[in-house]
1. Any residue that is polar (S, T, N, Q), crowded, with 20+ Cβ neighbours inside 10 Å, modelled with pLDDT of 95 or more and under 37 Å from the mean Cα position of the chain (by Cα) - is there at least one of those in the range 195-218?
2. Which members of the range 262-313 meet the condition of being more than 21 Å from SER163 (Cα to Cα), among the aliphatic types (A, V, I, L, M) and at pLDDT 70 or above?
Amino acid sequence: MTQPNNNSPLPESQPTDKAKTAETNHTWKNRIAGIWQNTTAKFTQILPVEKFSQIIVGWFNVSEAEIAEILAKVRAELPTTEAILIGKPQSGKSSIVRGLTGVSAEIIGQGFRPHTQHTQRYAYPANELPLLIFTDTVGLGDVKQDTQTIIQELVSSLAESTSARVLILTVKITDFATDTLKQIVQELRQKYPNIPCLLSVTCLHEIYPPTLDNHPEYPPDLAEIKRGFTVIEENFTGLYNKSILIDFTLEEDGYTPVFYGLEALRDSLADLLPEAESRAIYQLLDKEATSQIGNIYRDVGRRYMLAFSVMAATISAVPLPFATMPVLTALQVSMVTLLGKLYGQILTPSQAGGIVSAIAGGFLAQAIGRELVKFIPGLGSVIAASWAAAYTWSLGEAACVYFG
């Protein structure tokens, strides 16, 4: 009788072919990873990549002084108009800003910045390169406010300004207690007789007859409107160059058009301002010309893009695969940050990096592909440099569209 061989291993204790293969693969992976890490460490010691990257960034860094110089040149050529809004609260000053810029009331409210104790400013479309600067008087009509102090602040502000200026006096058609407004305008006109003044009578719908549920054809031929308008004009006789009727409401108010009398406001400002500034006003309100306004900012942005594209090409021409990737990425993030600043949006590096990622899509894959091209002897660096320049330029164009 044959005895079983007890020395034979049990099936559970025998390693399968699959397990042996997995163990072998794991061993080879560890060996390859170790070789790669050792090689990379030695390569980094021989060629100090980080230090080299810092040197390159230092060579091609765009200084704040250069940026300020570019902005100053363009700003000097812009037909900027400063509109000084003089009126009581709720008299339609912010509505005029909304009508001329097309910006929502919420954004306008956030955009006003304190200028002096009794004035605040809103630059449109951006502080860096404004086409319109609105200076709003705060606290008019408040018995606690010192009228003379407000006047002195406005006088000082006008003395500092070098752009075209216009006074826009806003008075509600139901408001006949205008002694304070009259005093302010009188003193400003005495000191600056060459600054034109536009009398804007607002909130017309407040005295529409009960039978009227919408704006009539402009100009309104209503006895109530004519009577109130005449009284206000007489109160400010000799203090204004033109007078208009406007009623800028909100969509939820139900009046059509929302900006009733906008064309009259536009034409009156154009008549009172120099040619270049009046043309800019027309362009702001012309839907077909808004792209031309955007081009002013795009042209400045392209100056940035050109400088950064040249930097990107120079950096990518270095024949060291993957050595320049961190530098190039930082460069492109810096470009997006500066473009954001141009359009009035202050970004942190992380926010700019997020925008780059959102715009670029497969940025990492393309960057790796560009670096792998450098392994091609001779021609590889040329291709990588061209690729980096073109990609940086495209990223800048997309960022301008994003911010604009």
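The values are calculated or read from the model by the stated rules, or taken from the named source; none is laboratory data. Fair warning: this is a prediction, and the values are worked out from it, not measured in the lab. Every residue, glycine among them, receives a Cβ derived from its backbone with ideal geometry; neighbour counts consider all protein chains shown.
1. The answer is yes, given that some residue of the range 195-218 is polar (S, T, N, Q), crowded, with 20+ Cβ neighbours inside 10 Å, modelled with pLDDT of 95 or more and under 37 Å from the mean Cα position of the chain (by Cα).
2. LEU262, ALA264, MET305, LEU306, ALA307, VAL310, MET311, ALA312, ALA313
Residue-by-condition table, conditions (1) among the acidic types (Asp, Glu); (2) modelled with pLDDT of 70 or more; (3) within 27 Å of ASP299 (Cβ to Cβ):
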| residue | (1), (2), (3) |
| --- | --- |
| ILE96 | no, yes, no |
| ASP136 | yes, yes, no |
| GLY141 | no, no, no |
| ILE150 | no, yes, no |
| LEU158 | no, yes, no |
| GLN186 | no, yes, no |
